[in-house]
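Undergrad: There's a structure below that I have some questions on.
The values are calculated or read from the model by the stated rules, or taken from the named source; none is laboratory data. Computed from a predicted model, the values in this text were never measured in an experiment. Because the Cβ atoms are built from the backbone with ideal geometry, glycine has one as well, and the counts that use them run over all protein chains shown. Only protein heavy atoms, including side chains, enter the accessible area calculation; ligands, DNA and RNA are left aside. Shrake-Rupley method; radii C 1.70, N 1.55, O 1.52, S 1.80 Å.
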Amino acid sequence: MVPTTSSESESKSSFHKVSNAKPQLAVSVADKKLSGNGATVQTEALTSTATDKSLQNGDNQKLRVSAYREAAISMGELNGAEYIEVPSPRANNAKKVSLLPLIFLIFYEVSGGPFGVEDTVHAAGPLFALLGFLIFPLIWSVPEALITAEMGTMFPENGGYVVWVSSALGPYWGFQQGWMKWLSGVIDNALYPVMFLDYLKSAIPALGGGLPRILAVLALTLVLTYMNYRGLTIVGWVAVSLGILSILPFVVMGLISIPKLKPARWLVADVHSIDWNLYLNTLFWNLNYWDSISTLAGEVHNPKKTLPKALFYAVILVVLSYFFPLLIGTGAVPLDRDSWTDGYFSDIAKILGGVWLRCWVQGAAAVSNMGMFMAEMSSDSFQLLGMAERGMLPEFFAKRSRHGTPLIGILFSASGVILLSWLSFQEIVAAENFLYCFGMILEFIAFVWLRIKYPNATRPFKIPGGTIGAVLLCIPPAILIGVVLAFSSIKVMVVSLVAVAIGLVLQPCLKFIEKKRWLKFSISSDLPDITSNGPLLH
């Protein structure tokens, strides 16, 4: 990555100046260590011949230095000698994700289709359910997507929101952000095997509970985890295929329902019988996680242009995928609020089209949950990789498989899913929403603080309005966060606060382990300096 303070031509000329001066090449391998007050850069100069010489890593790979390597970064003069920074031998050589797969990865990070929105009708009736999926995106989804586009292009690396918060508030709060977001992501991912089996249990009653359900959860988790291991490019194109398959039955259902639609059913509302806790938690869960794609920014082709475009198209796709199925379900079938629970769309399909359409919707729900599981696990595991590359986690978290995927991160995330899959749907949603809210508060603070402290930092995509506009953009979602937290149950609040407290203690423990050298921590040499003294923010 070329920092904004040095042009490509300067990097090349600096390289030629060094390589042509002597038959030996001076290469700096930077071991950067972040501290709460700034950055300490320890540079070790390694001298080696430039002919048929290789740097040895664990895999005995050759690191060839090319005069035309774009990542060669001029480091200025130090003690009379010039140095360049060479990309880490751990650098990812896997294929990058393009626009269309990225749109569907975001789609599955956030939505995956209308499966799981049924509880909004159960909690508040048709009118409030429909209004919720029109108004809520304006209050929450659009601001979060805009902030993700600006910050994700400003810091296009796999740490994502962890790097944003670290650059603004320091590495301690960056770690807390990473802990809360990773934990909420794993909790969120535990939903998808549950939802998958809830849609199938009407056809296969044995999956409703007991040993068959446990075995099904384990088998599903293992299969989808293996797909994540095989590579993000595969996951992206699988997401495209699954997305089309999960949307198609609702297109057919919509055509079949036209003669049966009664618009008056959409206006049914009873303010006095609204379950606000269930209503808000379901809306919030179905329309958040736009920032999760930021943890994959280092795997995206030309992220500074691709990421904002993908977020724009994904917002439209997500809103349509919720609103129109709700129009069909509430307008074409007589209202029975008690029946509107997880899996009810398959029953609506049977009423409208018969068993064949019900089976199709159940199949679509299955592939949708597969897509959401894979997208969420990709985000969670690459986040751990990004944190390890920033020295926040032990170095082994940065290890990639031969497919370019974060092996240890995938295993950790899969283990968390298995441990949490025994919780109920409502408990999982409420717990992950609570933790997610805390993480979003840190993101909003970091976003505004970086606007105030570094107004001239390079922002390939910048939300208009200056600092005042940034503050105003954060006010509606911040109020919404307060409302969601206020409606949380005591049980969810206690469990979530305990999880937050673990993170507050875990970071100092890891720093102690690093100090004692019980585990190896390192910062990837090809990442830019994000501290207050670093060139990226000036």
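Undergrad: Out of curiosity, is PRO325 in contact (Cβ under 8 Å) with a residue 24 or more places away in the chain, closer than 29 Å to LEU527 by Cα and buried (at least 24 other Cβ atoms within 10 Å of the Cβ)?
TA: Working: in contact (Cβ under 8 Å) with a residue 24 or more places away in the chain: yes; closer than 29 Å to LEU527 by Cα: no; buried (at least 24 other Cβ atoms within 10 Å of the Cβ): yes.
Considered against the rule, which asks whether it is in contact (Cβ under 8 Å) with a residue 24 or more places away in the chain, closer than 29 Å to LEU527 by Cα and buried (at least 24 other Cβ atoms within 10 Å of the Cβ), PRO325 comes out as no.
Undergrad: Tell me the residue from ILE463, ILE418, ILE408 that is farther than 28 Å from VAL194 by Cβ and among the aliphatic types (A, V, I, L, M), please.
TA: Working: ILE418 fails: farther than 28 Å from VAL194 by Cβ; ILE408 fails: farther than 28 Å from VAL194 by Cβ.
Being farther than 28 Å from VAL194 by Cβ and among the aliphatic types (A, V, I, L, M) holds for just one of ILE463, ILE418, ILE408, which is ILE463.
Undergrad: Just checking, which of LEU218, LEU278, LEU261, LEU207 is over 30 Å from SER166 (Cβ atoms) and without any contact (Cβ under 8 Å) to a residue 24 or more places away in the chain?
TA: Values: LEU218 fails: without any contact (Cβ under 8 Å) to a residue 24 or more places away in the chain; LEU278 fails: without any contact (Cβ under 8 Å) to a residue 24 or more places away in the chain; LEU261 fails: without any contact (Cβ under 8 Å) to a residue 24 or more places away in the chain.
Sole residue among the options that is over 30 Å from SER166 (Cβ atoms) and without any contact (Cβ under 8 Å) to a residue 24 or more places away in the chain: LEU207.
Undergrad: In addition: Give the range 353-410 a look and list any residue that's open to solvent by 20 Å² or more (accessible area, probe 1.4 Å) and aromatic (Phe, Trp, Tyr), or say none.
TA: TRP356, TRP360, PHE396
Residues checked against (1) open to solvent by less than 40 Å² (accessible area, probe 1.4 Å); (2) within 26 Å of ILE293 (Cβ to Cβ); (3) not in a helix (DSSP H, G or I):
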| site | (1), (2), (3) |
| --- | --- |
| VAL163 | yes, yes, no |
| SER166 | yes, yes, no |
| GLY174 | yes, yes, no |
| SER184 | yes, yes, no |
| ASP198 | yes, no, no |
| LEU220 | yes, yes, no |
| LEU224 | yes, yes, no |
| TRP237 | no, yes, no |
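Undergrad: From the list ALA206, ALA219, ALA190, exactly one residue is over 28 Å from the mean Cα position of the chain (by Cα) and on the phi < 0 side of the Ramachandran plot. Which is it? Spell out the reasoning first.
TA: Values: ALA219 fails: over 28 Å from the mean Cα position of the chain (by Cα); ALA190 fails: over 28 Å from the mean Cα position of the chain (by Cα).
Residue meeting the stated conditions: ALA206.
Undergrad: Name the residue that is nearest to GLY125 (Cα to Cα), counting only residues in the range 257-292 that are assigned to a helix (DSSP H, G or I) and of a type in the set (Val, Ile, Thr). Spell out how you get there, then give the answer.
TA: Residues of the range 257-292 assigned to a helix (DSSP H, G or I): 257-260, 263-267, 271-273, 276-286, 290-292.
If we keep only those that are of a type in the set (Val, Ile, Thr) as well, we get 258, 271, 282.
Numbers: ILE258: 21, VAL271: 9, THR282: 13 Å.
In this case the residue turns out to be VAL271.
Undergrad: Tell me, please, whether a residue that is at pLDDT 95 or above, in contact with an Asp or Glu (Cβ under 8 Å, 6 or more places away or on another chain) and closer than 29 Å to GLY343 by Cα can be found in the range 101-119.
TA: no
Undergrad: Still on this structure: I want to confirm something. Restricting to the range 203-218 and keeping residues that are aliphatic (A, V, I, L, M) and assigned to a helix (DSSP H, G or I), which single residue is nearest to GLY409 (Cα to Cα)?
TA: Filtering the range 203-218 for residues aliphatic (A, V, I, L, M) gives 203-204, 206-207, 211, 214-218.
Pick out the ones that are also assigned to a helix (DSSP H, G or I) and you get 206-207, 211, 214-218.
Details: ALA206: 33, LEU207: 29, LEU211: 28, ILE214: 23, LEU215: 23, ALA216: 23, VAL217: 20, LEU218: 18 Å.
My answer is LEU218.
Undergrad: Report whether or not THR295 is assigned to a helix (DSSP H, G or I), of a type outside the set (Asp, Glu) and in contact with a Lys or Arg (Cβ under 8 Å, 6 or more places away or on another chain).
TA: Details: assigned to a helix (DSSP H, G or I): yes; of a type outside the set (Asp, Glu): yes; in contact with a Lys or Arg (Cβ under 8 Å, 6 or more places away or on another chain): no.
Judged against the criteria, THR295 is not a match.
Undergrad: Next up: Name every residue in the range 267-281 that is open to solvent by less than 60 Å² (accessible area, probe 1.4 Å) and within 21 Å of PRO334 (Cα to Cα), in order of residue number.
TA: Here is the first cut: in the range 267-281, the residues open to solvent by less than 60 Å² (accessible area, probe 1.4 Å) are 269, 273-274, 277-281.
Correct list: ALA269, SER273, ILE274, TYR279.
Undergrad: Look through MET370, MET387 and report the one residue that is closer than 22 Å to GLU432 by Cα and at pLDDT below 90. Give the derivation first.
TA: Values: MET387 fails: at pLDDT below 90.
That would be MET370, the only listed residue that is closer than 22 Å to GLU432 by Cα and at pLDDT below 90.
Condition check ((1) among the acidic types (Asp, Glu); (2) under 25 Å from LEU134 (Cβ atoms); (3) touching a Gly at 6+ places or on another chain (Cβ under 9 Å)) across all residues:
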{"site": "VAL238", "(1), (2), (3)": "no, no, yes"}
{"site": "VAL251", "(1), (2), (3)": "no, yes, no"}
{"site": "LEU255", "(1), (2), (3)": "no, yes, no"}
{"site": "SER321", "(1), (2), (3)": "no, yes, yes"}
{"site": "GLY329", "(1), (2), (3)": "no, yes, no"}
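Undergrad: Restricted to the range 282-322, and to residues that are of a type in the set (D, E, K, R) and crowded, with 19+ Cβ neighbours inside 10 Å, which residue is modelled with the lowest pLDDT?
TA: Of the residues in the range 282-322, the ones of a type in the set (D, E, K, R) are 291, 299, 304-305, 309.
Add one more test, that the residue is crowded, with 19+ Cβ neighbours inside 10 Å, and what stays is 291, 299.
Working: ASP291: 95, GLU299: 90.
My answer is GLU299.
Undergrad: Please go through the range 468-505 and pick out each residue that is outside any helix (DSSP H, G or I) and either out of contact with any Leu (no Cβ under 9 Å at 6 or more places or on another chain) or open to solvent by less than 60 Å² (accessible area, probe 1.4 Å) (or both).
TA: To start, the set of residues in the range 468-505 that are outside any helix (DSSP H, G or I) comprises 487-489.
If the condition is that a residue be outside any helix (DSSP H, G or I) and either out of contact with any Leu (no Cβ under 9 Å at 6 or more places or on another chain) or open to solvent by less than 60 Å² (accessible area, probe 1.4 Å) (or both), then SER488, SER489 are the ones that fit.
Undergrad: Can you pull out the residues in the range 479-504 that are of a type in the set (A, V, I, L, M) and more than 24 Å from the chain's Cα centre (by Cα)?
TA: Residues satisfying the conditions are ALA486, ILE490, VAL494.
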